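To keep things clear, I will list the structure first and then write my remarks on it.
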Amino acid sequence: MRERVVITGMGVLTPIGNGLEEYRRGLAAGRDGVGEVTAFDGARHRSRRAAELKGFDPALHFAPEELPHLSRCTRMVRVAAAEALGAAGLELDREDRRRIGVVLGTDLGGMPEAGAGYSGLHYPHRRTRSAGDEPWRSLLLDSFICSQADRLAMHYGLRGTTLVVSTACSAGLHALGIGAEMIRLGLADVMLVGGADPLSEMPQAGFGVLRSLASASIRPFHRHRDGTVLGEAAALVVLEGATHAERRGAPAWCEIAGYGSSTDAYHMTRPDVTGAGPARAMAAALEDAGLGPERIGYVKAHGTATPTNDSIEARAIQRVFGEGTRVPVSSVKSMIGHSLGASGAVEAVAAVLALADGVLPPTLHLDDADPECDLAHVVEPSPCPGMEAVMANAFGFGGNNSSMVFRRLPEAA
């Protein structure tokens, strides 16, 4: 019999709240985290809008001598991880750290700092070895996407498997799924998993070239939606085997009951218009959980607000849940923007909170739904107590699809 996997701690940084409780309040209030971009000159891009972290001061979390050596992504990961581990009440000195691993999803990692770093080391400056050059050397090492997970493992002395997943926008949810499988297979007792991506000019320019950025607000499933809004976020989650959590008396949020993945094998940026790939991932997650679609109380959609993606996701949901399904659906990207590799993880946390609190987060700005997206859209924060299970979707470039089912624990049902 496979080990059940539960969530015992969560930590987040988001455009609508830093820390789990502030994020929880932001979701319940339908807070809009999108605004004029301040991290770079928005006038140079197709869109000047973004969803940035607000009030995040790394100086409150790191020593002055450490800060110059850490990329923004590493700072975000470390802060979210500290909250998650603290919430889980995990006493690492009492644990076998060889059985605690890290799986992190990211698209950019520390790459945004790499350009300036390479300039700082370029000839003839590289001939000098002054102390002032040293932070650039550290930041260059931090630019590899493996670095954030490696730094996290080193900081806490975690000697289990450490992996980085980079499957575009599904990376964060895949990280949760891989971490859960490690525990199910008996390869780990605890896994620290999640995703992080900082806001950067590089994807802002790239999505602009693809004409995938919204002119103003991000409006998933709207009749006149015209693109997404990029954001930044970090979410780290502590996963444990249920036996391990019970042995140490740790309360759990819920169980990861099912995980499914698929690949369209169709196009690097366009999804298969039939929706077959996302539908396979959702069906696989339900089968893994041993649940029929009628037992899912809410679907946290990927919902990017690009014209093609939303209609395809709606088609996929209808394939799995049935034509005319009235399962409630919403996209939290309307509040926090699209945080790329982090989105699957930070939005999975939103789904877990919806299950725990019995409050569904809304899709903002949805005053005229597209008839092609015929779903039971949640447009205001809505009470929905007593749900048995919820689903979270994350789909990425390259046709990388992931879906996960979170189930209420039996004693809390």
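The values are calculated or read from the model by the stated rules, or taken from the named source; none is laboratory data. Here the structure is a predicted model, which is why all the values come from computation and not from measurement. Note: ideal-geometry Cβ built from the backbone for every residue, glycine included; neighbour counts use all protein chains shown.
Within the stretch 235-244, identify whether any single residue is among the hydroxyl-bearing types (Ser, Thr, Tyr) and either modelled with pLDDT under 95 or surrounded by 23 or more Cβ atoms within 10 Å (Cβ to Cβ) (or both), and answer yes or no.
No: zero hits.
If you take the residues of the stretch 246-276 that are aromatic (Phe, Trp, Tyr) and in a loop (DSSP other than H, G, I, E, B), which of them is modelled with the lowest pLDDT?
If we take residues in the stretch 246-276 being aromatic (Phe, Trp, Tyr) and in a loop (DSSP other than H, G, I, E, B), then 266 is modelled with the lowest pLDDT.
Would you point out which residue out of 66, 36 is closer than 30 Å to residue 217 by Cα, modelled with pLDDT of 90 or more and acidic (Asp, Glu)?
The conditions single out 36.
Test residue 320 against the criterion of being closer than 28 Å to residue 111 by Cα, out of contact with any Gly (no Cβ under 8 Å at 6 or more places or on another chain) and not in a loop (DSSP other than H, G, I, E, B), and give yes or no.
no
Going by what's in this entry, would residue 295 be described as touching a residue at least 24 places away in the same chain (Cβ under 8 Å), basic (Lys, Arg) and touching a strand residue (DSSP E or B) at 6+ places or on another chain (Cβ under 8 Å)?
yes
Applying the selection to the stretch 277-294, what residues are in a helix (DSSP H, G or I) and surrounded by fewer than 17 Cβ atoms within 10 Å (Cβ to Cβ)?
Those that are in a helix (DSSP H, G or I) and surrounded by fewer than 17 Cβ atoms within 10 Å (Cβ to Cβ): 287, 293, 294.
Find the residue count for the stretch 121-150, including only residues that are in contact with a Leu (Cβ under 8 Å, 6 or more places away or on another chain), under 30 Å from residue 185 (Cβ atoms) and either modelled with pLDDT under 55 or assigned to a helix (DSSP H, G or I) (or both).
3
Please determine whether any residue of the stretch 64-72 is over 15 Å from residue 142 (Cβ atoms) and surrounded by fewer than 21 Cβ atoms within 10 Å (Cβ to Cβ).
Within the stretch 64-72 (the criterion being over 15 Å from residue 142 (Cβ atoms) and surrounded by fewer than 21 Cβ atoms within 10 Å (Cβ to Cβ)), the answer is yes, since at least one residue qualifies.
Every residue, every condition in (1) among the charged types (D, E, K, R); (2) at pLDDT 95 or above; (3) part of a helix (DSSP H, G or I); (4) buried (at least 23 other Cβ atoms within 10 Å of the Cβ), yes or no:
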position: 1; (1), (2), (3), (4): no, no, no, no
position: 6; (1), (2), (3), (4): no, yes, no, yes
position: 12; (1), (2), (3), (4): no, yes, no, yes
position: 28; (1), (2), (3), (4): no, yes, yes, no
position: 56; (1), (2), (3), (4): no, yes, no, no
position: 81; (1), (2), (3), (4): no, yes, yes, yes
position: 87; (1), (2), (3), (4): no, yes, yes, no
position: 102; (1), (2), (3), (4): no, yes, no, yes
position: 107; (1), (2), (3), (4): yes, no, no, yes
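Return the pairs, sorted by first residue and then second, in which the second residue is surrounded by fewer than 20 Cβ atoms within 10 Å (Cβ to Cβ) and outside any helix (DSSP H, G or I), the first residue lies in the stretch 316-327 and is in contact (Cβ under 8 Å) with a residue 40 or more places away in the chain and at positive phi, the beta carbons are less than 8 Å apart, and the residues are 6+ apart or on different chains.
324/374
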